[in-house]
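Novice: Quick one: this structure, given as structure tokens, is what I'll be asking you about.
The values are calculated or read from the model by the stated rules, or taken from the named source; none is laboratory data. Please read these numbers as outputs of a predicted model, since none were measured by experiment. Positions of Cβ are generated from backbone atoms using ideal geometry, with glycine treated the same way; all protein chains shown enter the neighbour counts. SASA here: full protein model, heavy atoms, side chains in, ligands and nucleic acids out. Shrake-Rupley method; radii C 1.70, N 1.55, O 1.52, S 1.80 Å.
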Amino acid sequence: MIEVKSLKKSFGKLEVLKDINIDVAPQEVVCVIGPSGSGKSTLLRCMNRLEEPTAGEIFIEEDNLTDTKTNINQLRQRMGMVFQQFNLFPHKTVMENITMGPQRLKGKSKTEVKELGSQLLEKVGLVDKAKVYPDNLSGGQKQRVAIARALAMEPSIMLFDEPTSALDPEMVGEVLQVMKDLAEDGMTMVIVTHEMGFAKEVADRVIFMDEGFIVEEGSPAELFDNPQHERTKSFLSKVL
Ligand code: ATP
Ligand code: MG
């Protein structure tokens with residue numbers, strides 16, 4: 001579904017991703033963990049070419065994302081992305097935030113997108129907030145709207161970059177629950193997260209990154225209960 005081959009990314013002289021190889025299978029949930037500055041966000045941003053890879057290739061469902069001939073905007077529509085910051089449009093209602101994308105980019109009718117919007121609000125538990133403006137939502141609610149907005153484009157892959165890091169602790173659970181539901185629905189997901197409990201419970205595979213390399217990967221049981229590398233052990237001893 002996603003194939004990352006010998007990916008490298010440098011910013012000037014700083015080599016941030018050194019040789020990354022990842023295969024994500026359809027419906028797989030991959031959690032990426034690792035210390036600050038290890039390249040997790042850069043990896044995710046390369047995956048939808050928000051960052052231009054320095055070398056290597058990325059395939060999304062057989063299409064070469066790194067090929068200059070690829071229509072990147074069309075490809076991006078197949079990948080939803082949710083960031084730490086919600087980036088909702090403040091002057092649009094919750095419903096408008098969700099329906100704008102499919103209406104403008106997919107040419108769907110008003111009735112169609114409203115129906116879709118209602119279904120998505122139901123999914124993220126915010127049916128009663130359709131007409132509310134983002135400023136009047138809690139952080140957890142905003143992030144659930146951001147997820148619904150990404151889903152409105154009907155992506156086949158969802159990328160999350162620390163979606164709960166900016167939230168007050170009491171709101172983390174409601175966002176993780178939405179992500180867990182998505183995983184159960186069979187969505188293919190790559191999730192950068194500090195929530196080790198979530199990774200343990202929901203991930204099919206956990207990737208530990210450090211200094212631009214994948215140091216170790218495996219099932220949550222393998223990685224959390226039986227890490228092989230010193231760097232993994234040392235990181236886990238600080239976060240678990
Ligand atoms: P965190 O857990 O703090 O979010 P991360 O693993 O996501 O960290 P990245 O944001 O990918 O790390 O950053 C990896 C390295 O690349 C860091 O040293 C960072 O300073 C550098 N970096 C990231 N983006 C840029 C940029 N646009 N220009 C220059 N350097 C950058
Ligand atoms: Mg990051």
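Novice: Looking only at region 124-175, which residues are touching an Asp or Glu at 6+ places or on another chain (Cβ under 8 Å), of a type in the set (Gly, Ala, Ser) and assigned to a helix (DSSP H, G or I)?
Specialist: GLY139, GLY140
Novice: Within region 11-18, identify whether any single residue is within 16 Å of ligand 2 (Cβ to nearest atom), of a type in the set (Phe, Trp, Tyr) and open to solvent by less than 70 Å² (accessible area, probe 1.4 Å), and answer yes or no.
Specialist: The answer is no, given that none of the residues of region 11-18 is within 16 Å of ligand 2 (Cβ to nearest atom), of a type in the set (Phe, Trp, Tyr) and open to solvent by less than 70 Å² (accessible area, probe 1.4 Å).
Novice: Could I ask something else about it? Run down GLU96, GLU122, GLU162, GLU115 and say which single residue is open to solvent by 20 Å² or more (accessible area, probe 1.4 Å) and closer than 29 Å to THR42 by Cβ.
Specialist: From the options GLU96, GLU122, GLU162, GLU115, the qualifying one is GLU162.
Novice: Sticking with this structure for a sec: What number of residues within region 178-213 satisfy the criterion of being open to solvent by less than 50 Å² (accessible area, probe 1.4 Å) and in contact (Cβ under 8 Å) with a residue 60 or more places away in the chain?
Specialist: Of the residues in that region, 21 qualify.
Novice: Checking the structure you have, find out if any residue of region 37-54 is more than 9 Å from ligand 1 (Cβ to nearest atom), among the hydrophobic types (A, V, I, L, M, F, W, C) and more than 17 Å from the chain's Cα centre (by Cα).
Specialist: no
Novice: Right, here's the next one. Checking the conditions here, which among GLN85, GLN27 is in a loop (DSSP other than H, G, I, E, B), under 16 Å from the mean Cα position of the chain (by Cα) and within 16 Å of ligand 1 (Cβ to nearest atom)?
Specialist: Values: GLN27 fails: within 16 Å of ligand 1 (Cβ to nearest atom).
Exactly one residue qualifies, and that residue is GLN85.
Novice: Right, here's the next one. Any residue at all in region 218-237 that is assigned to a helix (DSSP H, G or I) and within 16 Å of ligand 2 (Cβ to nearest atom)?
Specialist: Just the residues of region 218-237 that are assigned to a helix (DSSP H, G or I), to begin with: 220-225, 230-237.
Among the residues that remain, those that are also within 16 Å of ligand 2 (Cβ to nearest atom) are: 235.
Scanning region 218-237, I find at least one residue that is assigned to a helix (DSSP H, G or I) and within 16 Å of ligand 2 (Cβ to nearest atom), so the answer is yes.
Here is a yes/no grid of residues against (1) more than 16 Å from ligand 2 (Cβ to nearest atom); (2) touching a Pro at 6+ places or on another chain (Cβ under 8 Å); (3) under 30 Å from SER118 (Cβ atoms); (4) open to solvent by 70 Å² or more (accessible area, probe 1.4 Å):
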site	(1), (2), (3), (4)
LYS8	yes, yes, no, yes
VAL32	no, no, no, no
SER41	no, no, no, no
PHE59	yes, no, no, no
LEU65	yes, no, no, no
ASN71	yes, no, no, yes
ARG76	yes, no, yes, yes
GLY80	yes, yes, yes, no
